[in-house]
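J.: One structure, as structure tokens, below. Some questions next.
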Amino acid sequence: MNSIVPEQATPEARTLAERVFQQLQGAIVRGELAPGSKITEPGLSKTYGISRGPLREAMRRLEAHRLIERVPHVGARVVKLSMKELLELFDVREALESMAARLAAEHMTSEEVAGLREVLALHERQSDLKRGEAYYQREGDLDFHFRIVQGSHNRMLMTLLCDDLYYLVRLYRTQFSASGSRPQRAFVEHHRIVDAIEAGDAELAELLMRRHVSASRANVADRYAAILTQEDETTA
């Protein structure tokens, strides 16, 4: 992933901008900075104790990853997808991640599959999953979906799903996917996908991932629709 910090910036400045980016994207993913909320450099600088230079570079990177957007006559705000845009995002996920699972079944090494098993073992120990409240996955190598895309060994898919769309997908997956029995079901589905990948069954891995993302899509759509209804009732 390329840094947006100018090349002439010092290593210290680039490192600080990276830390600021990680801090702010985490706040957006967790909902601490709510979807649609207006954000300003002075406000963020005061809230998070961040100097304006690294903050400006971090905001540019957040915009590049579609987590914030610039609105004419309004300024910057945290992205808030419409229902149509959200469903389109999950349609793209379903197509691309099922392809990634197929390729992973064909190309993942035994060491990579073992790494997937270790990630799931780590997830199983999470208190939120044990209580059935949520299934929160940390980013990168601790993210099940990220690891499968990496295991596809397809650079185009890795660019699209682990860079271009990654943080936006993670935002909605984190904030809207935990409800009812969905966290536990998602965890079981993950194990079945790994079983298919380990067996080298590309067709089954693709099918299971497609069903998995489709179920998440339906669950997120229901949650989002409920939130929109609640907002309408509040403003009525």
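The values are calculated or read from the model by the stated rules, or taken from the named source; none is laboratory data. Predicted, not measured: the structure shown is a model, and the values here were computed from it. Virtual Cβ from ideal backbone geometry, glycine too; neighbours counted across all protein chains shown. These area figures cover heavy atoms from the full protein model, side chains too; ligands, DNA and RNA do not enter into them. Shrake-Rupley method; radii C 1.70, N 1.55, O 1.52, S 1.80 Å.
J.: Return the inverse of the average 1/r over all pairs of distinct C-alpha atoms in segment 13-120, which is the Kirkwood hydrodynamic radius, in Å to one decimal. Write out the running numbers ahead of the final one.
T.: Details: mean 1/r = 0.0612 Å⁻¹.
Over segment 13-120, the inverse of the mean reciprocal pair distance is 16.3 Å.
J.: If you don't mind, another one. Considering only protein heavy atoms, with the full assembly of protein chains and a 1.4 angstrom probe, order M59, M99 by accessible area, largest first. Before the final figure, lay out the partial values.
T.: Numbers: M59 0, M99 85 Å².
Descending accessible area places them as M99, M59.
J.: Now a separate question. Quickly rank 223-229, 24-30, 186-192 as a protection proxy: mean count of other C-beta atoms within 10 Å, highest first.
T.: Details: 223-229: 13.4, 24-30: 19.1, 186-192: 16.9.
Per-residue Cβ counts within 10 Å, averaged per peptide and sorted highest first, yield 24-30, 186-192, 223-229.
J.: Amide H to amide H, which residues 5 or more places from I68 or on other chains are under 5 Å from it, using H placed in the peptide plane?
T.: E63, V79
J.: How much of the calculated P(r) for segment 49-92 lies past 12 Å, in percent of all Cα pairs?
T.: When all Cα pairs of segment 49-92 are counted, 68 percent exceed 12 Å.
J.: At a 1.4 Å probe radius, carbon and sulfur cover how many percent of the accessible area of segment 140-226?
T.: Values: 1830 of 3640 Å².
Of all accessible area on segment 140-226, carbon and sulfur atoms account for 50 percent.
J.: Just check segment 152-228 against the gyration tensor rule for me: Cα atoms, a ≥ b ≥ c as the square roots of the eigenvalues, rounded for a/c under 1.5, and otherwise prolate or oblate depending on whether a/b exceeds b/c. If you can, show how the numbers build up before the last one.
T.: On the way: a/c = 2.60, a/b = 1.32, b/c = 1.97.
Verdict is oblate for segment 152-228.
J.: A further question follows. Provide the per residue accessible area, probe 1.4 Å, for segment 39-126, rounded to a whole number of square angstrom. Mind dumping the intermediate values first?
T.: Values: 4390 Å² over 88 residues.
Result: 50 Å² of accessible area for each residue.
J.: Between R125 and Q184, 0.36 nm times their residue separation minus their Cα-Cα distance comes to what?
T.: So the chain would gain 20.0 nm between R125 and Q184.
J.: Counting heavy atoms of the protein chains only and a 1.4 Å probe, report the per residue accessible area for segment 156-230 as a whole number of Å².
T.: Accessible area per residue: 44 Å².
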